[in-house]
Structures are given as C-alpha cells and as structure tokens.
Amino acid sequence: MAHGLADSKDMAFVGELPWHRLGVKLDKLATSAEMMTAVPSLAARVDKEQILRKGEPVSGKFYTVRSDSDTVLGVVGQDYRVLQNAEAFRMLDLITMDSNGPKYETAGVLWGGRKVWALARVPEFLEVVPGDTLAQYLLISNSHDGSQAVRIMETPIRVVCQNTLSMAQGGSGKSMKLRHSGDLLAKVSDVQDALRIVRQDFSETLGLYKALAKDYPSTEEVDTVLKSLFPDTKSDRANLQRRRVVNLWGTGIGANMRGVEGTSWGLYNALTELTDHYANDGSKRPDADDMRLNSIWFGSGAAFKAQALNTLADVCLK
C-alpha cells in the first residue's frame, strides 16, 4: 500500500476527501464510539509482551503488540503504560466535559497503528477579517511504539483553505505532553487547566493575526522575510520556494479575499499553504502523504510555520 494508512478503513473524516484519497467519509461529526466503529483499527488493543532471548526474558524490555493482527509496534521499558485508543478518546471526552457529544471530525492510525490521532472540533469560530474565520480544534495524538508521549493541543485551522496555523512562539498549537506512566486519566484536570492558559495565549496570537491583516508589506520586507525563511544554497531550491510562496500569495486558496489580498496575513497563509498542501510533492516515498500529515501537526512543518509567523511579526510589524 502506498501510504502509512494500511487501508482505506484506517481513517475516517468529515468534509472533503483528504489528499491521500483514503478514508471512510462520515456524513456528520461523530461521537467517539461512532468514530471507533468507522475505523475498526482504532478499536484494536495494544498489549505489552516481555521480550525473550533464547527463551529467557530480557530485563526491562517489552514489545508493544497490536492484538488483532499480532503486529509488533515497538520496544518499550518496564514502566511504560499503554494508553489504549479507547482511553485516548475517553480522555478527550473528559477534557471537553462532553462524554457523548458528536465532535470528532477526523481520526485514524498511521504505520499500522504505531501512531494514532483524533481531531475534535471546539464549538467556537474566530474571525481575523470579515468572512475569514478560524475553526478551533483539540488534537490528541499518541504512539504505541514508544516514540512520543501523549500530546493534546489546541489547533486553529483557517476554514477557507484548511491551513493549520501556528501560535506565536510555539509550534502548530501549544501542546500538553503526558508521559506513558501512571494513571493518565487522572491527569485530565491538569490538562484542562493547561488548556485554559493556552486559550488565553491564543487570544494574543489572534491579535497578531489581525495586525498582520492590516499590514501591507513592502517589496523589501517580503524579500527579507522570504530570504530569512529560505536562505540561499548551492542549488536553486530556495529561490524556487520563494517564487512559489509569492505565487500562492497572489493566487492561493483564499488569497483574493477582501481584507487578505496583499497583506502580511495573506503572505503568512501562502507560507502555510505551501507547507500543508504542497510539501513532499514529487517524493517517491510510499508514505509521503502521511509524512506530510505528521509534519503539519508535530514535526518540521509545525516548526516552520511558527518560524514564519514570528519572522513576519519581527520584519513587518516593527
């Protein structure tokens, strides 16, 4: 299969078909139970099994194993606590204080179950300029191979183009990280308190977005921003990327909206559109699309968008 998604039933979504063209389409926002029914692999248990060598247990070393397929997902230590996918949904339900409400827009597994995620819509929309709204989401992600902690973060997404935006001085949303140890569900109240602080931080970032929407950068400022984000190298790649951003600034999704065209806010969205919709174009990796999804939320794509936002603020809002 050409994707980290093992098959089309490893993801469900509401709305437009994702770029990898796989997944079960849902008619409306789902409850956690409905999402797990739509994506059977989310219902699979993950167990810890002692690693044996020549018939003897290896001290402190365990496999994580997907029970339905007997697939080894990773190697973890003695104290590692598996957070089952059903528990992850329950955690997000508890955090939102809504145990039964339909709020999940997409969820799925990557790389055979090594990583899982769920995106829950928060019933609040924010407006940067009239007609240009941001939808608010909570994203929970988890790995079963020992590669990452449980992460929960608030993620704003621009409705017109589905760009995942960053928050100032952070990645693609500030995140709470919970180690795989102890009683993870007992930490819900701590996460709720932390998310309240994050929401306050986001109100400041929204103010930054609005300031960028009022700014019309000069040619020199645009050049400074793009050369900072795409410094020259021996190849022509940096120059190509700069030209692509300028093109998206003028012709990208939502670029010509009133109050957006020609602004620093529009330039920021050109940068995020490049990252979210065109990264890994032409890659021959079989899982290139899923690498992009992982990058948008957790990796280099998230870091780049934070760098872009802060660079624009430093150069254009002096």
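When PRO102 is tested against (1) farther than 30 Å from ASP70 by Cβ; (2) in a strand (DSSP E or B), only condition (2) is not met. Per the listing ASP145, ASP223, the residue uniquely part of a loop (DSSP other than H, G, I, E, B) and either among the charged types (D, E, K, R) or within 28 Å of ALA270 (Cβ to Cβ) (or both) is ASP145.
If you take the residues of segment 292-318 that are small (Gly, Ala, Ser) and part of a helix (DSSP H, G or I), which of them is modelled with the lowest pLDDT?
Of the residues in segment 292-318, the ones small (Gly, Ala, Ser) are 295, 299-303, 306, 308, 313.
Retained after the next criterion (residues that are part of a helix (DSSP H, G or I)): 295, 300-303, 306, 308, 313.
Details: SER295: 71, SER300: 80, GLY301: 82, ALA302: 83, ALA303: 85, ALA306: 88, ALA308: 94, ALA313: 94.
Top of the filtered list is SER295.
Among the residues of segment 267-291, the ones that are touching a Gly at 6+ places or on another chain (Cβ under 8 Å), modelled with pLDDT of 75 or more and not aliphatic (A, V, I, L, M) come to 4 in all. Residues in segment 54-69 that are small (Gly, Ala, Ser) and within 18 Å of ALA44 (Cβ to Cβ): 2 in all. Taken together, the criteria place LEU248 among residues that are closer than 19 Å to ILE157 by Cβ and modelled with pLDDT of 95 or more.
The values are calculated or read from the model by the stated rules, or taken from the named source; none is laboratory data. Bear in mind that the values here come from a model prediction, so they are computed numbers and not experimental data. Every residue, glycine as well, gets a Cβ built from its backbone with ideal geometry; the counts of neighbours run over all protein chains shown.
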